[in-house]
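The values are calculated or read from the model by the stated rules, or taken from the named source; none is laboratory data. As the structure is a prediction and not an experimental result, all values here were calculated from the model. Heads up, the Cβs are rebuilt from the backbone with ideal geometry, glycines too, and the neighbour counts pull from every protein chain shown.
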Amino acid sequence: MDILSLFITVPVLTILALVFTKGLRQARIVSMIGSLIQLAMTINLVFAYFKERDINQDIMVFTKDVVWFEQFNIHYAIGVDGISVALLLLTAIVVLAGVFISWKMSDLPKEFFISLIVLSIGVYGFFISLDLFTMFVFFEIAVIPMYLLIGIWGTGPREYAAMKLTLMLMGASAILLVAILGIYFNSNTDGGPLTFNILEIAKVNIPFEVQKLFFPLTFIGFAVIGALFPFHTWSPDGHASAPTAVSMLHAGVLMKLGGYGVFRVAMYLLPEGAQYWSWFFIILAAIGVIYGAFSAIKQTDLKYINAYSSVSHLGLVLFALLMLNKTAWNGAILQSLSHGFMTALFFALIGMIYERTHTRDVRKLGGLLKVIPFISAIYVIAGLASLGLPGFSGFVAEMNIFVGAFEHDDMFYRIVTIVSVSAIVVTAVYILRVVGIMLMGPVKNKAFLSLEKVTWYEQLGILLLLIPIVGMGVAPLWISDMILASLHPFIHGVP
Amino acid sequence: MNLGYILLIPLIPLVVFLLLGIFNQRIKPAISGYIGVFGLLVSTILSCYAAYQYFFVHGKVNGVYQTFVEKTVWMNFSDTLHIDMGIFIDPISVMMLVVVSTVSLMVHIYSRGYMKGDDGYTKFFAFLSLFSFSMYGLVLATNLFQIYIFWELVGVSSYLLIGYYYTKESAVAAAKKAFIVTRFADLGFLIGILIMGYYTGTYDFETLNDPEGNAILNWASTSFMGLSVLTWGLILIFIGGAGKSAMFPLHIWLPDAMEGPTPVSALIHAATMVVAGVFLVARLFPMYYFIEDGFALNIVAFVGAFSALFAAIIAITQTDIKRVLAFSTMSQLGYMMLALGVSGYDGHEGLGYMASMFHLFTHAMFKALLFLGAGSVIHAVHSNYLKDMGGLRKYMPITNITFLIAALAISGVPPFAGFFSKDEILVAVYEHNKLLYFVGVFVAGLTAFYMFRIYFGIFWGKETKYEHKPHESPISMTFPLLFLALMSILGGFIPFSDFVTADKAGFEAHLNYPLAAVAVVVGLIGIVLAWVFYKKESDLADRLANFFGPLYQWTSDKFYFDAIYLFITKKILFKRVAAPIAWFDRNIVDGTMNLIGNSTVKTSEKIKGMQSGKVQDYAFAFMAGVVILAIVFVYLWAE
């Protein structure tokens, strides 16, 4: 078995093992072991990747190609570059942290963990696919379990939220399918057979008219899950109703599929279309950045605050991708990673606070720093990371984005860039507002004085997410250079 | 010059911070205090050694102080642009090392007494170490991005320390305000950095500041709205500096920052962090001076002069002694900016630059002393307000004497440190612009007045009835006072013009006797007036306040700048921007999505009726279909 297919096989085996478990205790142990193996494999992959890169200068390494459906030339084609390796690492860490955070999931535990792992299969598959059709299939595998996870294990108006989320993402998928087929039927303009293979299509010159037609469809199809304004409203409701681990996985990993898909498919295969349309989507992305931040100021539910903050942060990812240069793209990928870790950490912490105080309304909370110091201190740290403090991953990502965006020197780009940069102030406002109201100040509720201290599995989950945030922020060189080196071939269609 | 050990200067406080931060609960308070002090002591010794090595042994080659740089790439943006981390050794960074070390060490020692018995004792020392690390990183920065990184880190240390008493609502609000206002200023700084990077292709101070370099020679190549883009960049960077150094109109966070523990005010909000803005302008001085004939530098001068005057006026009417000192700090920082703003570059022309750095040095000593003295008083009477103090000279002799020395120093009375540095500033301004000179002299008078107003108010005047008899502070607190008092006496005799000058070559500075005499006389008038008003019990001050009525009220309310800011943030940004956006999102954007969903459901509800389940209906529909199809087919065939 090759090194990448294992990423699908191990979760499948984990699910098989889960089927035979009984009760929470067994289910969580099996899930933990499965995710732990997965993380170990990812770390191994990072080292293997660096070793392979020294001798192999192909765009993708560890490639494998098996015919899946011959008639339409659909392949199970896989391979990775620095970007997918980085995102696989993110996924493995967030999944493991999610398992730790769900340590006490007593409600249908077996089914819960199975759905969680199924979701992760979709994500892993998506990040290693090189075939558009396979990629699409994995994309759907990742989205469907969301419905169950929110609908069954959620809180509040969970059915409404689950339905809304699924329908909006399905709508986007429909658009995406049209786009993928459109690309497929134009993949032989140079005379070869029709193909879904990304690397093959990239060699073909798709006519400008076709690119112009299909770029917006591809972009929107992917960007909806990346919370593109104005298609972001599924995200606050979805997050608010989802159980903690699902919010973590969803905001931490699933929403990254959007940016990754835009980058890997829309930008790479339709570069001229991207240039033609970029101004339009830049406006949407820039609106998302500033709009998400301002919306977050007025929210009172912690999960809504974080969801709108995600709209703002992920708006920055799309914004950076549309800048069409290496520095900004590097920033986009780094921001995806950084936001993945940070937002998963936030949702984990919000879950812990909710479990203890039974409320997510910031106005009812207060003085938590006094009663649950560990969780609160980490919340402050996560907040500082989120507002782009140097020393944490967010800063590294944002600076790449801003420097990249500044490389365009006409008025339009200058204005949208400055608008997006100014989000750093608004972000500080909503983060410090929550920190001030919820963590500092006097203890508002007597019942808070006897809150349960943080547990070992919660600490493990937190540390898993915190280490990469600090690691990337303090020593960004290796990961930033790994991504930067992989960006080289993608810039080909863009002057 | 061997730079290896200089790296230890910032790293030791970092290690101390991590140690105290991670093992917070497990370290006994007494031990954490010693760890903090010891760490800073080592850093201080290394800093002094570095200063000795640089200024007297290795630094000067052919009469010019050299720049030593050691750096490594931290992150690559593109083939040309990257962020480096490293250390940058030149006269001002070495001088700053000494300033930061001395004050920080004294504050560490002092805090062992002042913070004794506090719940968060270990945490407090952890934050102090974090701040010291960040501040060292800032002064040693080799490029714009590195300085920005540490700039943000000192900002967050300041946030954490202002909000140290986090259960107090006012402290939380002050911390938030300080962070957000400076963050807003940093937005300018960041855009300035982006401009510099894009148009000059580098962030390196050495390359940017080279008078024969690309950046300075070709400043005119791109312009925007009539000014060089680099001038815009410098103005934006100055906004960042103005935010940190509490220049008008970004000063509003500094008085509130006094919510933090007093040692913090002494270290961060008087001696070190707030001078970062001055340091930044000094760091980029060649650019400010040469680009567009110093256009941006003129802005620095006027903003500095105005802030100096504005703050000095407000300081007169404040009743909280820490706030008086805060406005005094703002005023003195304005002085430093003013001096930089009027400075030239070569030789004696660069008097303003030298004077600014000189004043930065002496001010750090006597202002830290004033704050620590105020802390000692607050420690004794448990209040910040002048009305709760009076006649304390009997109870607190050491605090009294040292506070007096500091007050004399800031008032520019010879032979104390402030006299020398202030005199150089006034000479530099006099040579450049007479109007600004008069502002400077007037501010000198005001300074002496408000400083002796609080001095007499605290240590003389009517004795307040104290619940507990006040007593002198313990040795851990009085030792730093004595040491800093010594520095405030001797600091002025350092021949700064030999060491720290714009062109790094040094020049002969002389006292300008007529100007010095004017400044001293004005200062003495201020002191005498304060004596008349406040030393004896009299209602003269109240009568005067009544006489000026509204003007007094305006000044006392800090010209309502806080109200203006509150109006902008609460009324405009929250009510008119954020709230409508949140509403728009819930109702319009999400409403549209729900509408699509609901209308789908409704449509299906409507069509649903067709599936009635009655066989007759289906048979009818079937028949109708057959007939219609038949007609269509017949029609088509007939064609």
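Entry remark, region B:40-51: residues being over 24 Å from the mean Cα position of the chain (by Cα) and surrounded by 14 or more Cβ atoms within 10 Å (Cβ to Cβ) number 6 in total. Considering only residues in region A:467-481 that are in a helix (DSSP H, G or I) and facing chain B (nearest Cβ under 8 Å), the one that is surrounded by the most Cβ atoms within 10 Å (Cβ to Cβ) turns out to be A:Ser480. Evaluate the following for A:Leu213: is it surrounded by fewer than 24 Cβ atoms within 10 Å (Cβ to Cβ) and either modelled with pLDDT of 85 or more or under 21 Å from the mean Cα position of the chain (by Cα) (or both)? It is true that A:Leu213 is surrounded by fewer than 24 Cβ atoms within 10 Å (Cβ to Cβ) and either modelled with pLDDT of 85 or more or under 21 Å from the mean Cα position of the chain (by Cα) (or both).
Here's the yes/no breakdown for (1) more than 14 Å from every other protein chain (Cβ to nearest Cβ); (2) out of contact with any Ser or Thr (no Cβ under 8 Å at 6 or more places or on another chain):
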position: B:Asn62; (1), (2): yes, yes
position: B:Val69; (1), (2): yes, no
position: B:Thr72; (1), (2): no, yes
position: B:Asn76; (1), (2): no, no
position: B:Asp79; (1), (2): no, yes
position: B:Val99; (1), (2): yes, no
position: B:Met106; (1), (2): yes, yes
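Filtering region B:158-187 to residues that are in a loop (DSSP other than H, G, I, E, B) and either more than 9 Å from chain A (Cβ to nearest Cβ) or more than 20 Å from B:His251 (Cβ to Cβ) (or both) leaves B:Tyr164, B:Tyr165, B:Tyr166, B:Thr167, B:Lys168. Residues in region B:580-630 that are within 14 Å of chain A (Cβ to nearest Cβ) and over 30 Å from A:Tyr304 (Cβ atoms): B:Ser604 alone.
A quick yes/no check of all residues on (1) among the hydroxyl-bearing types (Ser, Thr, Tyr); (2) under 24 Å from B:Ser497 (Cβ atoms); (3) within 19 Å of the chain's Cα centre (by Cα):
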| position | (1), (2), (3) |
| --- | --- |
| B:Tyr288 | yes, yes, no |
| B:Asp293 | no, no, no |
| B:Val324 | no, no, yes |
| B:Leu351 | no, yes, no |
| B:His359 | no, yes, yes |
| B:Gly373 | no, no, no |
| B:Val381 | no, no, no |
| B:Leu386 | no, no, no |
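Condition test on B:Ile147, is it buried (at least 23 other Cβ atoms within 10 Å of the Cβ) and at negative phi? Here the answer is yes, as B:Ile147 does meet what is asked. The residues of region B:193-205 that are within 14 Å of chain A (Cβ to nearest Cβ) and in a helix (DSSP H, G or I), listed by number, are B:Ile193, B:Leu194, B:Ile195, B:Met196, B:Gly197, B:Tyr198, B:Tyr199, B:Thr200. On the stretch given as region B:24-68, residues that are farther than 23 Å from B:Phe124 by Cα and not in a helix (DSSP H, G or I) total 10.
Of all positions in region A:273-281, none carries a residue that is within 14 Å of chain B (Cβ to nearest Cβ) and either outside any helix (DSSP H, G or I) or at pLDDT 90 or above (or both). Assessment of region A:326-340 against the conditions (surrounded by 24 or more Cβ atoms within 10 Å (Cβ to Cβ), under 13 Å from the mean Cα position of the chain (by Cα) and more than 21 Å from B:Phe77 (Cα to Cα)) yields at least one matching residue. The number of residues in region B:240-266 being of a type in the set (Val, Ile, Thr) and surrounded by fewer than 24 Cβ atoms within 10 Å (Cβ to Cβ) comes to 1. The condition of being touching a strand residue (DSSP E or B) at 6+ places or on another chain (Cβ under 9 Å) and either more than 14 Å from chain A (Cβ to nearest Cβ) or touching a residue at least 12 places away in the same chain (Cβ under 8 Å) (or both) holds for only one of B:Leu208, B:Leu190, B:Leu230, that being B:Leu208.
Against the list (1) under 20 Å from A:Ile333 (Cβ atoms); (2) within 26 Å of the chain's Cα centre (by Cα), the condition A:His408 fails is (2). In the set (1) surrounded by 24 or more Cβ atoms within 10 Å (Cβ to Cβ); (2) part of a helix (DSSP H, G or I); (3) aliphatic (A, V, I, L, M), A:Ile78 fails one condition alone, (2). Inspection of region A:201-215 finds no residue satisfying the criterion of being among the charged types (D, E, K, R) and within 14 Å of another protein chain (Cβ to nearest Cβ). If the condition is being crowded, with 20+ Cβ neighbours inside 10 Å and at pLDDT 85 or above, then region A:148-160 contributes A:Leu149, A:Ile150, A:Trp153.
Among the residues of region B:433-456, those that are of a type in the set (Val, Ile, Thr), at pLDDT 90 or above and buried (at least 24 other Cβ atoms within 10 Å of the Cβ) comprise B:Val443, B:Thr447.
In region A:393-408, which residue that is in a helix (DSSP H, G or I) and more than 9 Å from chain B (Cβ to nearest Cβ) is surrounded by the fewest Cβ atoms within 10 Å (Cβ to Cβ)? Among them, the one singled out is A:Glu398. Looking across region B:108-157, the residues that are away from chain A (no Cβ under 14 Å), over 20 Å from the mean Cα position of the chain (by Cα), within 20 Å of B:Ala174 (Cβ to Cβ) and in a helix (DSSP H, G or I) come down to B:Ser111, B:Tyr114. Which one is nearest to the other protein chains (Cβ to nearest Cβ) among residues in region A:181-196 that are modelled with pLDDT of 85 or more and crowded, with 21+ Cβ neighbours inside 10 Å? Out of the qualifying residues, it is A:Ile183. Sub-8 Å Cβ pairs linking a first residue in region A:250-266 that is among the charged types (D, E, K, R) to a second residue that is at pLDDT below 90, at least 6 apart or interchain, are A:Lys256/A:Gly226; A:Arg264/A:Ile198, ordered by first then second residue. Looking only at region B:181-225, residues that are surrounded by 18 or more Cβ atoms within 10 Å (Cβ to Cβ) and not hydroxyl-bearing (Ser, Thr, Tyr) come to 24 in all.
Please determine, by comparing only the residues of region A:283-298 that are in contact (Cβ under 8 Å) with a residue 40 or more places away in the chain and surrounded by fewer than 23 Cβ atoms within 10 Å (Cβ to Cβ), which one is farthest from the other protein chains (Cβ to nearest Cβ). Reasoning before the result, please.
Step one: list which residues in region A:283-298 are in contact (Cβ under 8 Å) with a residue 40 or more places away in the chain, which gives A:283-294, A:296-297.
Subset that is surrounded by fewer than 23 Cβ atoms within 10 Å (Cβ to Cβ): A:283-284, A:287, A:290, A:297.
Values: A:Ile283: 15, A:Leu284: 12, A:Ile287: 10, A:Ile290: 9, A:Ile297: 4 Å.
Of everything passing the filter in region A:283-298, A:Ile283 is farthest from the other protein chains (Cβ to nearest Cβ).
Here A:Leu464 meets each of (1) under 21 Å from the mean Cα position of the chain (by Cα); (2) of a type outside the set (D, E, K, R); (3) within 13 Å of chain B (Cβ to nearest Cβ) with one exception, condition (3).
Whenever a residue of region B:153-178 is touching a residue at least 40 places away in the same chain (Cβ under 8 Å), its partners that are of a type outside the set (A, V, I, L, M, F, W, C) and not in a helix (DSSP H, G or I), lying with C-beta atoms within less than 6 angstrom and at least six residues away or across chains, give the pairs B:Leu161/B:Gly260; B:Ile162/B:Gly260; B:Tyr164/B:Gly260; B:Tyr164/B:Pro261; B:Ala171/B:Gly163; B:Ala171/B:Tyr165; B:Ala175/B:Gly163. Need pairs with beta-carbon distance below 7 Å; first residue in contact (Cβ under 8 Å) with a residue 40 or more places away in the chain and within region B:471-488, second outside any helix (DSSP H, G or I) and buried (at least 18 other Cβ atoms within 10 Å of the Cβ); sequence gap 6+ or separate chains. Sorted first by the residue in region B:471-488, then by its partner, the pairs are B:His471/B:Tyr395; B:Glu472/B:Tyr395; B:Glu472/B:Met396; B:Ser488/B:Phe416. Selection of region A:438-460 for residues being in a helix (DSSP H, G or I), within 14 Å of chain B (Cβ to nearest Cβ) and crowded, with 19+ Cβ neighbours inside 10 Å yields A:Met438, A:Leu439.
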